[in-house]
Every structure is written in structure tokens, then in C-alpha cells.
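A.B. asks: I am attaching a structure below and will ask some questions about it afterwards.
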Amino acid sequence: MSIDTVTLRVLANHCAAASESMANTLVRTAHSTFVKETEDFTTGLATPEGATFASPVTLGATWFVGLDYGPVLPLIDTYEPGDICITNDPYSGFVCTHSPDVHLWMPIFDEGEIVCFAVGHVHNTDIGGAVPASLSRANVEVHQEGIRIPPRKLFRRGELDQSLLDLMLLNVRMPEQNWGDLKAQIAAMRTGGRKVHDMIARFGRETFVKGSRALLDHAEHQARTLIERIPDGEYFFADYMDEDSVDGKPCRIAVNMQVSGDEIVFDFSESDPQVRASLNIPTGGNPRHVLLMIPYIYAMYAMDSSVFLNSGLLRPARAVIPSGSIVNAEYPAAVGMRSLGAIRLQSCVLGAFASALPDLIPAAVGDGGPLINVRTSDPVTGRRIMANLDPITGGGGAVAHRDGTEASGGHKGFFKNTPVEINEAEVPVKILKYGLAPDSAGAGRWRGGTGTTLKFQVMSPNSVVTARNRDRSRFTPFGVQGGYAGKPSSFKLNPGSNHEQDLGNTDVVAADPGDVIEITSAGAGGWGAPTERETERVLQDVARGLVSVKGARDDYGVVIATGVVDHAATESLRAQMTVDTQTSAGGFGFNAERVQFERIWTRENYATLMRRLYALPTDWRFFIKHRVFDALARASTLSEMEVDSACDRVIGEYPELAAHHASHQA
């Protein structure tokens, strides 16, 4: 039977409502702040083959639309009614993408056959491991990132496997919190089961089963129609994380986006090899892994917000991901901060889309602010506490018709902030400041969204603050169409005191009573030349505290005195700025640090280095990259021949490696 358009749309709404009901169950019964307030979780429905065909729209993280459960489903031998399965192992089926994400899936039966699966995950604030909250850039292998549970049945025919649960809870820092969130997940799975049976009763089993696949087909058709609107061609873009390890070298993700007809290819072959840090992205070689496709889904949704958000969207797209690269890491690489790698991948791919669709895709999102976790104790009772305070988000990138959204860019999956009152009620800290960061946004005809600042005081001894995903203190969010880059992020201990420390991209900080932590995210990039912004808008930004008087003068050429615009002085200053201001080829606005880096490490020079590194065994690539960077550190200019020569010298210092390299080249 075929499904008519009206029935398909009604079924789509029911499926979305079912996943929303699952999400409501979870968020209302979860224990941790990170789930019930920040909403780092997913719920959904997947076909018997594992393709997600329904996801919530208003609740949860937006990164996992279209997540493919197919590789993990066969790792369970048989399914029976009442089973609920669990895993958090990033290398078992590549559904979990780091160890704190505990995934559950439950088969839903009708007349003895599986009609679909209820699926979803929550991010546990702590899953054990080397540091509180489990994740740090300093981790170099997955074994440091907490307990790993391979795919197992948590419930078998409705009976809890208590020994499996006990093993998990024994290895985490806050077992009551983890068990509370897990019970919320279980309740969400069962809500999904009830909703599916309600739909079968309404539509009939055959219509539901065929309709779930028709939803995927329809999304594919929508995506192909949208891709055909993108001009055919190749669009290259690269972006950087500040460090590929603790105090390391810049880490580059690069994409060559190839559009042809109704298909699109993302070639990441010029991206860095996997690193000796936890920034690696575990995709298992899947060319449509959801972490690779987040920015593509965002672009499709930007082109048409009526698209069905499911796995079918991914069918016309694929990625080229070299094995042993940062976008396709090999075991046992650490992957805990894959979120930072994925964030930078998003800005990279959206940069390519900005070249193809300049009037639609915004400038870079402000990011670099961390997810703040605090492990501490109640100063009166001594009770141990582990909680997430806030995702320190930057603003949205400016676009061709408006300013970027303040403090709410999409790179963190549209996580929600936690109210100050809840933070202070649940964690013994004092919030001193939480708000928008003046002068953080990239200037432009349309201004980027501002970053945020969080400043808090620790109240108990032996506290540990973890700041996952610290970045953008060196390479800042780019502007487009002549817009300026956003301002850098910052992270300080005891700011303004005699003991002030600039923590840079540190992500684990010991703190004692009275210590003050201040974090500011980078602002988003601007769109269009700043000198084209109306002076009235600049004056309004100053009045609202988003731009200082100095920022108005330096970035926009607008002179403000005693609360009014000096039009004559402004006209003269802007004329000088128009002469002096330059942007990169393609109209991208990069900060000075990036301009200087790419003056030496051009695309051609970097491609030469990558070609040489990928000819080496995986375990050598990161080490040799660092040696080559050190060898060329004093260069003010560089050629491809000089990069080749440096590689020859460094590789030649290790005879066995040189012999392997020579045989590979032959």
C-alpha cells in the first residue's frame, strides 16, 4: 500500500509528538541539572533497522537528528518484549560518541514482531575516569574517560540486571544522580512504547510500519530538492581549534564541499590526523555519521524549516573521512571532548556553505566558552556534590538581514542555560555575574551575537572546576561578507586580584574557598562591512551595553560623545577605515592570529604536510606533525618544497619509520 500525503503528514505529527512525550517524561523526572535544565539528552523512534524517523523539536539536544542505531542493534543477539538495552562505549557501534552519553534502546513489538525501537541518551555529569566530570583535553586514551559498558541488556523480559547496574554505579562519582537519570531514561522508553501502540491502534500496523519508512523517503526527497538549489561546484573552508593537546599546536579541520546536482560530498582529507588528546571524533568510518552531518542538517533546515528531521535527510550526503584522522579516530584514541571537535567541524562546514549560499548562511557562531562542572562539597554537611553550572555559550552569527542572536548560538545543540537561583540552590557557589559580554561580538553591517560571561565564587575546600571545550582564545569566530571576526574567549582565576591567573584553555582547575572563576565566551562573527551599519544602530548598541563607546569608535568608526553621535567626526573616521580595512579572499573576516598563521601555513603547504603524515602509521602522525611544526617555527614564509624538506629531515631521524615511509611511497 502507498501512504497518501495527508496521512503521511498526520503520521509525522503523531511520531514527533510521541518523541516529544518521551522527552517530557525524561526532563520532568531526571535528577541532574545537566539533563533537567540544560537538556543534554535525546529521545526518538527508529525503524527496526535503526534509522531514526522521529525526534522532538522543542526539547533536548539538536545534534543527533538522524542518528543511526543500525550498527549497534546487531550487537544484541536477540530481542524480546520487555528488553531495554544499554551502552556508553564510543567504540561499540559508534552510536555513543563519548562515554558520558548513556544510550538506551527498547524494541517495541506488535503481533510478535518488532515494529520500531524507542531510542535516546542522556549525558551523565560524571561516568568515572581520571577527572571529575570524566572529560579533559589531557586524556589521551579512552580508558581514562570512565567506565565503558558494551551493548548489554539492562532489562531482560522486564527484569532489571542488578549486577550490571551495580557495576556501573560503583565506578561513578555520583551514583545516586546517575541512577536517577537512568530511571528517567527508562520511563521515557516506556512512554515511547505506549505512544507507538496508540498510533498502531489509530492508523493500523501496516500504515505505521510503512509510514515510518515513507517519512525517511520524504525527507530524502526534500533534501535532494534543496541541494539542487545550491550552485554546483567545490567550496573549501578550514577552521582551527587553538590546541591539539595541552599547550599543543593548532588543530585544523578542513572540508572541500562538492555539490553536484542533488548530491553533496564533504571531503575532510585535508584535516589533521587524530590527536593525543580527547578532541577526536569517533565516527567508525560511517560516511553519514550524525556528528559529521550536523552542519549539513542545519543548512537544510535554514533553507526550509518544514523538512522532516530524520535519517532520510542524510541519504543525499556523504563524507570522505581518512582512517586515523581527527574526524575518524581509531581505537583507543580519547574522544571525550569530541564535542569541541564537532563544534569546530560545524563552523568549518558552515563556512563552506557560506561561500555557496552567502545570503542565507550566517557568520561563525560565538563559542569557546566551556560547559562548567563543579565537584565540591557542602560546607556544612560535607555532602559530596557534582553538578553542571552552565554551558557558556556565544551568540549566533550575523546573517544578511539581521544581527546574530545574543548569547545563543547553535553549536552546543541549543542547550538551555540554568537559572542562577537553581545553581546556587544545588551547588555551594555564589554567582557574582552572569550576562552578556560587551564588545565581544564581531562588528559588521549586521553585528554578531554577543558572548556570555559567568563569574562565580567557590565556597568549599578541595573543589575542582572542569571547563570542557575551552577554545577560541587564539582563532576566533569568523565574519562573512566583510564582517569582522568575533573577539576571543577568556578564562581567569581570581580576576582583578594580586593572584590573578590567565587560565587560557585549561580545563581542570583546583579551587578553594574564596577563589573566583570568570569565563567569557567568544562573540559571533559579523556580516557585511562595519562602516555600513547605521549610526543609530551603533548608538542603540552602546545604550544597551552591548558595545562600548570605544568599541563603537574602533570597530564601527562611530564617534559618540555625551550620548549622541558626532556625525562629522564619524564621516571622517569611516572614510579612513574604508581605505584601511581589508578582508580575506571570499569576504571572510579573520582575526590577526589566524591571518598570520595562514600567511605561513597556506592551504597548499598544509596539504603537503597532510599528504606526508597520512603516509605514516597512525601512531606516528601526531608526533611527526609536532616535530615538523617545531622545525619550521621560525619561518616567516614557507613553500611546499620547504615543508617537504622538513618532513624528510624529521622522518629521516627515525630509520624504521623512514623505511616504512619509503616503501609506502613506492
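The values are calculated or read from the model by the stated rules, or taken from the named source; none is laboratory data. All values reported here derive from a predicted model rather than from experimental measurement. Because the Cβ atoms are built from the backbone with ideal geometry, glycine has one as well, and the counts that use them run over all protein chains shown. Ligands, DNA and RNA are excluded from the accessible area calculation, which covers all protein heavy atoms including side chains. Shrake-Rupley method; radii C 1.70, N 1.55, O 1.52, S 1.80 Å.
A.B. asks: Look at the stretch 116-152 and say how many of its residues are open to solvent by 20 Å² or more (accessible area, probe 1.4 Å) and part of a strand (DSSP E or B).
C.D. replies: 2
A.B. asks: May I pose another question? Kindly evaluate residue 331 against the criterion of being open to solvent by 10 Å² or more (accessible area, probe 1.4 Å) and under 13 Å from residue 97 (Cα atoms).
C.D. replies: So residue 331 passes the test.
A.B. asks: Can you report the number of residues in the stretch 45-67 which are closer than 25 Å to residue 344 by Cα and among the aromatic types (Phe, Trp, Tyr)?
C.D. replies: So the count comes out to 2.
A.B. asks: Consider residue 249 carefully, then state whether it is under 23 Å from residue 589 (Cα atoms) and in contact (Cβ under 8 Å) with a residue 24 or more places away in the chain.
C.D. replies: Against the criterion (under 23 Å from residue 589 (Cα atoms) and in contact (Cβ under 8 Å) with a residue 24 or more places away in the chain), residue 249 qualifies.
A.B. asks: Only one residue in 450, 466, 476 is among the β-branched types (Val, Ile, Thr), within 25 Å of residue 247 (Cβ to Cβ), at pLDDT 95 or above and open to solvent by less than 10 Å² (accessible area, probe 1.4 Å). Which one?
C.D. replies: 476
A.B. asks: Select, from 271, 278, the only residue that is touching a Cys at 6+ places or on another chain (Cβ under 9 Å), assigned to a loop (DSSP other than H, G, I, E, B) and not β-branched (Val, Ile, Thr).
C.D. replies: Selected residue: 271, the only one of 271, 278 that is touching a Cys at 6+ places or on another chain (Cβ under 9 Å), assigned to a loop (DSSP other than H, G, I, E, B) and not β-branched (Val, Ile, Thr).
A.B. asks: Please go through the stretch 271-294 and give me each residue that is over 23 Å from residue 66 (Cβ atoms) and open to solvent by 40 Å² or more (accessible area, probe 1.4 Å), ordered by number.
C.D. replies: Result: 276, single match.
A.B. asks: Quick one: which of 367, 390, 304 is of a type in the set (Asp, Glu) and surrounded by fewer than 24 Cβ atoms within 10 Å (Cβ to Cβ)?
C.D. replies: Just one listed residue meets the conditions, 304.
A.B. asks: Out of the residues in the stretch 584-625 that are farther than 20 Å from residue 477 by Cβ and touching a Lys or Arg at 6+ places or on another chain (Cβ under 6 Å), state the one that is least open to solvent (accessible area, probe 1.4 Å).
C.D. replies: The qualifying residue least open to solvent (accessible area, probe 1.4 Å) is 613.
A.B. asks: Another one. Quick one: is residue 384 open to solvent by less than 30 Å² (accessible area, probe 1.4 Å) and of a type in the set (Lys, Arg)?
C.D. replies: No, not satisfied.
A.B. asks: While we're here: Out of 368, 394, 382, report the one residue that is farther than 30 Å from residue 258 by Cβ, modelled with pLDDT under 95 and out of contact with any Cys (no Cβ under 7 Å at 6 or more places or on another chain). Even if it seems obvious, please write down each step before you answer.
C.D. replies: Working: 368 fails: farther than 30 Å from residue 258 by Cβ; 394 fails: farther than 30 Å from residue 258 by Cβ.
382 is the lone residue from the list that is farther than 30 Å from residue 258 by Cβ, modelled with pLDDT under 95 and out of contact with any Cys (no Cβ under 7 Å at 6 or more places or on another chain).
A.B. asks: Right, here's the next one. Which residue out of 6, 57 is modelled with pLDDT under 95 and farther than 28 Å from residue 421 by Cβ?
C.D. replies: Exactly one of 6, 57 is modelled with pLDDT under 95 and farther than 28 Å from residue 421 by Cβ, namely 6.
A.B. asks: Can you name the number of the only condition in (1) open to solvent by less than 30 Å² (accessible area, probe 1.4 Å); (2) hydroxyl-bearing (Ser, Thr, Tyr); (3) at pLDDT 95 or above that residue 355 fails?
C.D. replies: Unmet condition: (1).
A.B. asks: May I ask you to list the residues in the stretch 631-645 that are under 14 Å from residue 608 (Cβ atoms), more than 33 Å from the chain's Cα centre (by Cα) and open to solvent by 70 Å² or more (accessible area, probe 1.4 Å)?
C.D. replies: Correct list: 641, 642.
A.B. asks: Now for a different question. Run down 60, 82, 70 and say which single residue is surrounded by 24 or more Cβ atoms within 10 Å (Cβ to Cβ) and over 13 Å from residue 149 (Cβ atoms).
C.D. replies: 60
A.B. asks: Go through the stretch 10-25 and give me each residue that's touching a strand residue (DSSP E or B) at 6+ places or on another chain (Cβ under 6 Å) and among the polar types (S, T, N, Q).
C.D. replies: Correct list: 19 only.
A.B. asks: Right, next: Right, residue 502: out of contact with any Cys (no Cβ under 9 Å at 6 or more places or on another chain) and buried (at least 20 other Cβ atoms within 10 Å of the Cβ) or not? Steps first, please.
C.D. replies: Details: out of contact with any Cys (no Cβ under 9 Å at 6 or more places or on another chain): yes; buried (at least 20 other Cβ atoms within 10 Å of the Cβ): no.
No.
A.B. asks: Out of (1) buried (at least 24 other Cβ atoms within 10 Å of the Cβ); (2) over 17 Å from residue 443 (Cβ atoms); (3) at pLDDT 95 or above, the odd one out for residue 495 is which?
C.D. replies: (1)
A.B. asks: Can you run down the residue pairs with Cβ atoms below 6 Å, 6 or more apart or on separate chains, where the first is in the stretch 338-356 and closer than 16 Å to residue 302 by Cβ and the partner is aliphatic (A, V, I, L, M) and assigned to a helix (DSSP H, G or I)?
C.D. replies: Hits for this filter: 346/294; 353/299.
A.B. asks: Counting only residues that are more than 25 Å from the chain's Cα centre (by Cα) and not acidic (Asp, Glu), which one in the stretch 423-439 is nearest to residue 365 (Cα to Cα)?
C.D. replies: 433
A.B. asks: Might you let me know whether the stretch 401-417 holds any residue that is closer than 28 Å to residue 137 by Cβ, of a type in the set (Lys, Arg) and in a strand (DSSP E or B)?
C.D. replies: no
A.B. asks: Now a separate question. Within the stretch 547-568, does at least one residue satisfy the condition of being surrounded by fewer than 17 Cβ atoms within 10 Å (Cβ to Cβ), closer than 24 Å to residue 409 by Cβ and not aromatic (Phe, Trp, Tyr)?
C.D. replies: Yes, some residue in the stretch 547-568 is surrounded by fewer than 17 Cβ atoms within 10 Å (Cβ to Cβ), closer than 24 Å to residue 409 by Cβ and not aromatic (Phe, Trp, Tyr).
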